[in-house]
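Enquirer: So that we are looking at the same thing, I have put the structure below in structure tokens.
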Amino acid sequence: MNKLLLTGFEPFLHYTLNPTAEIVRELDGRTIGKYEVCGKVLPVQFAKTWEQCLMHLENEKPDAVMLLGLAAGRNKITPERVTINCADGEADNEGVAKHDEKIQSDGPAAYFNTLPIRTFCEGLLKKGYPAAISNTAGTYLCNYLMYQTLHYLEQANSKVPAGFIHLPASHDLAVEAGNMPSWSQRDLTDAIVCLIDDLA
């Protein structure tokens, strides 16, 4: 049985919940398609996010890595095509803000998602879930984690497919935050199950 490392994030900024954390907790330990899911919730902290993800990569030795994050304001599930070597944005949950910093001083400008993102979007659309490939993962923790993960795998000459997928808000989060597109938590979770099913 193959193993999938599935990560989400804790709540961040002014939000009190994060739908990706709920997905990861629900799917942890389940067998979906060809994969046993190892679900981990990561802190929204530059100092700890990659440190913890690296620990999970080394301990679990997954056959695929799917990183999830919240993109409040988007109305579709959006696999990210590319991650850039730049950290910039608001303060994390420890109050640390980065501005125009390289993630890896000697790293390339960008890495591409190595998950089958076109297949993912086509599969979701066939099942009635809005989806589209995104060409920007931003410059906050989501981009940071995606870059660090792909850089690590590249340096290790690993063929493990990995990438980041942004999700809309859940209804509960939209009620709390106000005025943003949202999906039910059930639909968000079921859509991720579809993506795992589509992993070769």
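All of the numbers you see were taken from the coordinates with simple rules; none came from a lab. Please read these numbers as outputs of a predicted model, since none were measured by experiment. Positions of Cβ are generated from backbone atoms using ideal geometry, with glycine treated the same way; all protein chains shown enter the neighbour counts.
Enquirer: If contacts are Cα pairs under 8 angstrom and at least 6 residues apart, what is the relative contact order of region 76-167 in percent? The partial results should precede the final answer.
Expert: Details: 154 pairs, mean separation 40.7, N = 92.
Relative contact order of region 76-167: 44 percent.
Enquirer: Taking amide hydrogens as modeled 1.01 Å from N in the peptide plane, which residues meet the under 5 Å criterion relative to I103, leaving out close sequence neighbours?
Expert: C86, A87
Enquirer: Considering all projection directions equally, how large on average is the shadow of the alpha-carbon convex hull of the chain, in square nanometres?
Expert: Result: 10.2 nm².
Enquirer: Give the Rg (one decimal place) followed by the Dmax (whole number) of region 30-114, computed from C-alpha coordinates and expressed in Å.
Expert: Expressed in Å, the Cα Rg and Dmax of region 30-114 come to 14.8, 41.
Enquirer: Restricting to Cα pairs below 8 Å that are 6+ residues apart, what does the relative contact order work out to for region 2-197? Please round to a whole percent. Kindly include the intermediate steps, with their values, before the conclusion.
Expert: Working: 402 pairs, mean separation 53.8, N = 196.
Result for region 2-197 is 27 percent.
Enquirer: Looking at the chain, send over the antiparallel percent of its DSSP beta bridges, to the nearest 5.
Expert: 25 percent
Enquirer: Please return the longest range in the chain lying between exposed loop sites, taking trypsin sites (Lys or Arg not before Pro), DSSP loop only, at most 12 other beta-carbon atoms within 10 Å, and leaving the sites out.
Expert: Within the chain, the longest run free of exposed trypsin sites (Lys or Arg not before Pro) spans 1-126.
Enquirer: Follow-up. With charges only on Cβ, +1 for K and R and -1 for D and E, what is the dipole size of region 2-197 about its Cα centre, in debye, rounded to 20?
Expert: In debye, rounded to 20, region 2-197 gives about 640.
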